[in-house]
Amino acid sequence: MPPTVYTIRHGAMKRIVKFLVSATALFFHGHNFELEVRVRGEVDPNTGFVIDLGELGGIIKEQVEDRFDHKNLNVDCPEFENLLPSTEHLAKVIYDILKPVIGDRKLHITLFETAKNGAEYGDW
């Protein structure tokens, strides 16, 4: 049986704040990110799932949403102490956080900053 892919769109990461420095001013702005987490692996014959979606949703809430939601990424999140909080970097940071938790399954992160742009990072 071929691997199965599950997708969860998790739109709860709201108003994550970034800051930019210009020649004359420091200013803040936020985004309502949409996070898509795809997990690929073999179906467990006992459960019929690659991963239980309730379990995956709990992992995302605890490991990602609670960490980044309504936060100033530069100030409140040590992951961005020496890293610019671009959407590309945030997608990789989320991957690095979730990958050890999902075990030997494959993981792919898609993070939309707006309806028109986003970034992807993952095993495929």
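Structure notes:
- Listed cross-link partners K71/K116; K61/K106; K71/K106 are compared with a 21 Å cut-off, the Cα-Cα value being larger for K71/K116; K71/K106.
- A protection proxy built from the mean count of other Cβ atoms within 10 Å ranks the segments 55-62, 107-114, most packed first, as 107-114, 55-62.
- Whole-Hz couplings from phi, Karplus 6.51/-1.76/1.60, listed for the stretch 69-86; x for Gly and Pro: 5, 6, 10, 7, 4, 6, 9, 9, 10, x, 4, 10, 4, 10, 9, 5, x, 6
- Exposure proxy shown here: for K92, K99, K116, the number of other Cβ atoms within 10 Å sets the order, fewest to most, as K116, K99, K92.
Values quoted throughout were computed directly from the atomic coordinates according to the rules given, and no laboratory measurement underlies them. The structure displayed is predicted, hence computed values, not measured ones. Glycine also receives a Cβ, built like all others from the backbone with ideal geometry; neighbour counts cover every protein chain displayed.
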